[in-house]
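Notes to accompany the following structure.
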Amino acid sequence: MLALFGGKPVRTRPFPAWPIFGKDEEDRLLATLRSGMWGKLDGPEVDEFEKRFAAMHGCKHGIGVVNGTVSLRIALMAAGIRAEDEVIVPPYTFFSTASAVIEANAIPIFADIELDTFNIDPKAIKAAITPRTHAIIPVHFAGQAVDMDAIMAIAKEHRLTVIEDAAHAHGASFKNRPAGSIGHFGSFSFQSSKNLTSGEGGIITTNDDKLAEACRSIHNCGRVAGGIWYEHHVISGNYRLGEFQGAILNCQIDRLEEQTKTRDTNGQYLATRLAALPGIHTQKRIPECTRHSYHLFMLRLDAAKFGAPRDAVLRALEAEGIPCSPGYGFSLPDQPLFRNKAFGPYLPAASANLDYRKSRCPNSDLICRQCVWLEQNLFLGSRADMDDIADAFEKIREHRDALNSAASKIPATEAR
């Protein structure tokens, strides 16, 4: 019997907690506190972390910033975005991938994702390009690398800037090249849920000296190397990462390699176990994805083939001791922000002609209705933990008739 109906759950013990921290973080934070040097301009921690993170990605430059939304906007500004330029983004991603474009006074254009990889479709990118297109922001969603060869070829042909949104992709790689090192920029987040975290924070990576110089100026109130303190050259702000975050990140980065290997191994094993279940379509891993960071383990559940509706399956998984989520409830073009063109002071001229109700993203829309998310901390456990997850799916499938009969009485799980 399913635990949802009073049976014994597959699992009662918790999965690994997140974040993981210890004495190293405590010692660094106390040293920073006692130093009195709490800002990036005064202390050593952020500078050390920027160099380490850039080197880990084979990049010449890393610019630490306050979060992963600001990092995208700064990269767009450094790339020379102008008012009402167009930037191609996927519709299945956190809203900041697109809101950062609005805050750069540019227009997000949505290109649908691939149904199997859940990543932006290069064919859809090609179809979305116009004379006003300036940049592409591919998202390595869930931690699987996008087909960067295809995207860079498109960008070269049309002279477009590529900003990799690698907020999910710490430690991921494409053809053994780190995510965030292939485009003109990489953008990472260190928000609380991320695989590398300091609670809040972000970083921009690049190999281009001029782009790095522009990013450093924009994130530091428009100052320039060699200039005086009260000398501001471009529209900008104080977006600098703080020393307390730098101290935590200098410890967390020591853990990242081993954690990423564990997540990738566990994710691949779970995908293999779930492959035999009808109606379960895990995120297809492209051959060029040489390492998946599994910030999320994603699958699409076809209710007709599985035998029970997605929302009822989610409730059943939770009852069996498997934390899970339906992910995003709808595609970005359906967000009130875009439907209502609630852009504040941005895009005043373009707004009259914009109508995101006309955006067509059928793959993204279907995934919103069918998706199941498992978060990254689950994949820091053992193979036995993965077996528990797979066993729970198999148990639910076995009892699908009972679940399906009761589905109309089971409340839906809240979307993200």
Principal axes of segment 291-394: Cα extent on each, largest first, Å | 57, 31, 25
Of Trp229, Trp38, Trp18, Trp373, ordered by accessible area with the largest first and a 1.4 Å probe, the sequence is Trp229, Trp38, Trp18, Trp373
Only Lys, Arg (+1) and Asp, Glu (-1) charged, at Cβ; segment 1-153 dipole about Cα centre in debye = 360
Over the chain, the sum of -39500 (n - 2.57) across DSSP H runs of at least four, divided by residue number and rounded to 500 deg cm²/dmol, gives at 222 nm -11500 deg cm²/dmol
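Among the DSSP beta bridges whose two residues both lie in the chain, what percent are antiparallel, rounded to the nearest 5?
65
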Gyration tensor verdict on segment 171-261 (Cα atoms; rounded if a/c is under 1.5, prolate if a/b is larger than b/c, oblate otherwise) | oblate
Per residue accessible area in Å² of segment 263-306, where ligands, DNA and RNA are left out and the probe is 1.4 Å = 38
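Can you pull the percent of the chain's accessible area that's carbon plus sulfur, 1.4 Å probe, other chains left in place?
The C+S portion of the solvent-accessible surface of the chain is 52 percent.
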Cβ-placed point charges (K, R +1; D, E -1), dipole of segment 211-324 about Cα centre in debye, nearest 20 = 340
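Sorted by average packing, counted as other Cβ atoms within 10 angstrom per residue and highest first, what order do 194-207, 123-136 take?
Descending mean neighbour count gives 194-207, 123-136.
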Per residue, accessible area of segment 344-416 with a 1.4 Å probe, heavy atoms of protein chains only, in Å², comes to 53
How big is the accessible area of Arg73 in square angstrom, nearest 10, if you roll a 1.4 angstrom probe over the protein chains?
-> 40
Quick one: dipole size for the chain, taken about the Cα centre, charges +1 on Lys/Arg Cβ and -1 on Asp/Glu Cβ, in debye to the nearest 20.
-> 680
Among Ser187, Ala55, Ile107, pick out the residue whose Cα is farthest towards the positive end of the charge dipole of the chain, where Lys and Arg carry +1 and Asp and Glu carry -1 on C-beta, about the Cα centre.
-> Ile107
If you find the alpha carbon centre of segment 47-89 and of segment 185-249, how far apart are they in angstrom?
-> 7
Quick one: give the max-minus-min coordinate of the C-alpha atoms of segment 2-54 along each principal axis, largest first, in Å.
-> 59, 27, 16
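The values are calculated or read from the model by the stated rules, or taken from the named source; none is laboratory data. Please read these numbers as outputs of a predicted model, since none were measured by experiment. Cβ: placed from backbone, ideal geometry, glycine included. Neighbour counts: every protein chain shown. When the accessible area is computed, the model is the full protein with side chains, heavy atoms only, and any ligands, DNA or RNA have been set aside. Shrake-Rupley method; radii C 1.70, N 1.55, O 1.52, S 1.80 Å.
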